[in-house]
Amino acid sequence: MENIRNIVILTGAGISAESGIDTFRSEGGLWEQHRVEDVATPEGFARDPDLVLRFYDMRRESIQTKQPNPAHEALARLDREWSDRTGGNLLIVTQNVDDLHERAGANRVLHMHGQHLNAWCTMCDTRSTWRGPLIDRPACPECGVAALRPDVVWFGEMPYRMDEIYGALRQADLFVSIGTSGAVYPAAGFVQDARELGARTLELNLEPSQGSRWFTEARYGPASHIVPQWVEELLA
Ligand code: NAD
Ligand code: APR
């Protein structure tokens, strides 16, 4: 892709689907198994914290048994090689709370919805890596109070590091969206922001998303096939 230096890649649940992690809105997805209002909102947590802590404990335990797939590995290769090859920047912004990008070897990953391996202390606001269950109300490693919640952004809460994301979009020559339905803002609006700022836009997804009309280029198929193919061409 000629004249491409700075790339922003947005990933969603679809990139981890072939690793065995449920997406949210596909057939049988997470939001068919659980009510969003109950497990992904601050109100749900206030109403029934045990239900929410058990939900995330189960998700955390399940995610730790999953492995990155060729799509994660291809992006990790791009993350390693792009800057040396072009002097440009690459940023992976993920809506996912799993750590499969990192386990595949990617370094520049920004989790706008938080990370399942972190716990957030509602008393002292510290975030710490947390692999065990939260249902037993463990003490915060910083302040010692048993006030830990999952460090995951819920509906109605602000996503993380939005200034950094918009800063990268302003510099982007190419915006790529991988494995997201385009159902949830502000992530769903990044493609329009990128276009208005003059970037080329590419959608890599199983099927057209809710935002597919905003993309100038698109390839559809399983991420484990189409993402390595696209990276191979880009680095050729
Ligand atoms: P939103 O209103 O942008 O979400 C729109 C879509 O999310 C809806 O089309 C629906 O698909 C789903 N949704 C939202 N609320 C729902 C509900 N009560 N029941 C069923 N589906 C629902 O989301 P928002 O409230 O503006 O989110 C604020 C921020 O929180 C956004 O940045 C979003 O990305 C983030 N978020 C994170 C998570 C997570 O699990 N990490 C979940 C939801 C939202
Ligand atoms: N390869 C590529 N894309 C896939 C694959 C696959 N193997 N399997 C599914 N997809 C696509 C689906 O077609 C869908 O467009 O991935 C997308 C998954 O969409 P969602 O389940 O809505 O997940 P996501 O877009 O990440 O949700 C956004 O909503 O609930 C919130 O915070 C939560 O971060 C999540 C946000």
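The values are calculated or read from the model by the stated rules, or taken from the named source; none is laboratory data. Quantities reported herein were computed from a predicted structural model and do not represent experimental measurements. Cβ atoms come from the backbone with ideal geometry, glycine included; neighbour counts cover every protein chain shown. Surface areas here come from the heavy atoms of the whole protein model, side chains and all, with no ligands, DNA or RNA. Shrake-Rupley method; radii C 1.70, N 1.55, O 1.52, S 1.80 Å.
Here Arg80 meets each of (1) outside any loop (DSSP other than H, G, I, E, B); (2) surrounded by fewer than 21 Cβ atoms within 10 Å (Cβ to Cβ); (3) touching an Asp or Glu at 6+ places or on another chain (Cβ under 7 Å) with one exception, condition (3).
Scanning segment 197-216 for residues that are touching a strand residue (DSSP E or B) at 6+ places or on another chain (Cβ under 7 Å) and of a type in the set (Lys, Arg) yields one hit, Arg200. Criterion applied to Ser26, Ser16 was being under 25 Å from Leu206 (Cβ atoms) and either at pLDDT 95 or above or among the charged types (D, E, K, R) (or both), and the one residue passing it is Ser16. Number of residues in segment 11-36 that are more than 24 Å from Ser224 (Cβ to Cβ) and either open to solvent by less than 30 Å² (accessible area, probe 1.4 Å) or in contact (Cβ under 8 Å) with a residue 40 or more places away in the chain (or both) equals 1.
Residues that are assigned to a loop (DSSP other than H, G, I, E, B) and within 13 Å of ligand 2 (Cβ to nearest atom) were ranked within segment 37-56; the one that is surrounded by the fewest Cβ atoms within 10 Å (Cβ to Cβ) is Thr41. Within segment 140-157, residues that are over 19 Å from Arg60 (Cβ atoms) reach partners that are open to solvent by less than 10 Å² (accessible area, probe 1.4 Å) and within 11 Å of ligand 2 (Cβ to nearest atom) with beta carbons closer than 7 Å, at six or more positions or on different chains, in the pairs Phe155/Ala40. I'd like the full set of residues that are away from ligand 1 (no atom under 16 Å from the Cβ), polar (S, T, N, Q) and surrounded by 20 or more Cβ atoms within 10 Å (Cβ to Cβ), limited to segment 91-116. None; the set is empty. Restricting attention to segment 206-226 and to residues that are more than 8 Å from ligand 2 (Cβ to nearest atom) and among the hydrophobic types (A, V, I, L, M, F, W, C), the residue that is most open to solvent (accessible area, probe 1.4 Å) turns out to be Trp214. A single member of Gly189, Gly132, Gly182 is within 27 Å of Arg35 (Cα to Cα), in the same structural domain as Leu91 (by TED's automatic domain parsing), open to solvent by less than 60 Å² (accessible area, probe 1.4 Å) and not in a helix (DSSP H, G or I), and it is Gly182.
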